[in-house]
Every structure is written in C-alpha cells, then in structure tokens.
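Participant: Quick one: this structure, given as structure tokens, is what I'll be asking you about.
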Amino acid sequence: MKRGHDLSGVMKFATSPAWGEHLGEALGDHLGLAMEEFDFEADELADIVGDHWAGVLWGCAFEDLLTRTIEPGDRNIVDDYIRRRGWNESGPTKIYLRALRSSVMSLHEVSEVEPGSGFLVRDLIQGSEPLRVSERSASQTLKQWDRIGARVVQVGGKHLLSGACCRSLWRRPRRSSPIYGARRASAARKPR
C-alpha cells in the first residue's frame, strides 16, 4: 500500500485510453492560448519555463481534470479511479483525491506566516474568511501579503494546499523569469 498523498496511480490512470483525451483537453484549456501566442508545442514547455514550472502548470491542468464532470454519463476521473483502482490506494490518498475532486482553484492572499508550520489564506475571489493552512514547505518561502493561485483542500480537519500552487507576480517580471523566457523563445521563432 502507498503512504500519504501519492497521486502517481491516478496520474497514470489519467493517461489511459478512457481518460487520456480528457487530460489532453484540460492541458489545452490551460496552455493552449500561451502555446498559440508564443508558438510552441507542449513538449517544449520545460525548455522554455524550466522543469519546475512545467510541472506546476501540468499539475494545475491535471487537478482541473480531477474536478471535471464528463458527459455523457456524468463521469469523473476520481470516482472512476477509486472504483477501479481504489483497492490499491491508502485511505489518506482516497480522502485527498475526494477533497481535490470538489476543490476550486482560486486566488488567495497570504498572511500570518509561521515558517515551517503554516499561514492564513483569504480567498480573494470567493471572499471567504481566512483559513489556517498547514504547510511546511510553502511557509518557508511565502511572505505576508503574497498572493497565490491554489486549491485549498480540507483533509482530516486540516486545510492543505494542493500540489499545484502558483505564486503571483504582481511586480514586473525579472529578465530571468519564465515569462521573459517564453517571450524570447516566441520572438526567436517569428520571422522578421
């Protein structure tokens, strides 16, 4: 049995014949406009923004797929995966998957950061009360008033960030940022 929130099983399941097309649609929904604007293919993304950010962007699309209801038949990949392969997953992973299934990506403002422990987030889109998030890693780098794009899920009485979390850049991006990398790559491809 797997431990923790290991999503490798459902990630593999998402590439199966039953779900691969839907994963492709989710990736297209998330990356299609940028790919069109900057004239690149999905397999070039890591070369442009780096492996870390390519993984984050893929994760955002993947988590979006976990929340989708597919017609016909009101199918959902989490429900299908747990029904077919749930016997091979730990209880915490199944609980986490169900929490992701009903989650919403939103823009959150960070406050009261306790490095190594967690922080408060306030949903700027839905306007909810601040929630205490238990998060060791992100609490080491996030600062007061940072804004993050994330899914906040409740598991076992605690609020957690999902794996796909993007810190917003409200200031002008540095020349070394992935945004400038995409611009340079796009400019190099376009005929002058």
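Participant: Mind telling me which of the residues Trp19, Trp53 ends up being modelled with pLDDT under 90 and either within 14 Å of the chain's Cα centre (by Cα) or surrounded by 15 or more Cβ atoms within 10 Å (Cβ to Cβ) (or both)?
Facilitator: Trp53
Participant: Restricting attention to the range 153-168, and to residues there that are within 16 Å of Leu97 (Cβ to Cβ) and within 11 Å of the chain's Cα centre (by Cα), which single residue is modelled with the lowest pLDDT?
Facilitator: Ala164
Participant: Any chance you could count how many residues in the range 30-42 are exposed (fewer than 14 other Cβ atoms within 10 Å of the Cβ) and within 18 Å of the chain's Cα centre (by Cα)?
Facilitator: Looking only at that region, the number is 2.
Participant: Within the range 35-53, can one find any residue that is of a type in the set (A, V, I, L, M), touching a helix residue (DSSP H, G or I) at 6+ places or on another chain (Cβ under 6 Å), over 16 Å from His5 (Cα atoms) and without any contact (Cβ under 8 Å) to a residue 24 or more places away in the chain?
Facilitator: Yes, the range 35-53 contains a residue that is of a type in the set (A, V, I, L, M), touching a helix residue (DSSP H, G or I) at 6+ places or on another chain (Cβ under 6 Å), over 16 Å from His5 (Cα atoms) and without any contact (Cβ under 8 Å) to a residue 24 or more places away in the chain.
Participant: Out of the residues in the range 104-132 meeting the condition of being in contact with a helix residue (DSSP H, G or I) (Cβ under 9 Å, 6 or more places away or on another chain) and within 13 Å of His159 (Cα to Cα), tell me which one is surrounded by the most Cβ atoms within 10 Å (Cβ to Cβ).
Facilitator: Phe119
The values are calculated or read from the model by the stated rules, or taken from the named source; none is laboratory data. Keep in mind the model is a prediction, meaning the values are calculated, not measured. Cβ coordinates were reconstructed from backbone atoms using ideal geometry, including for glycine residues, and neighbour counts include every protein chain displayed.
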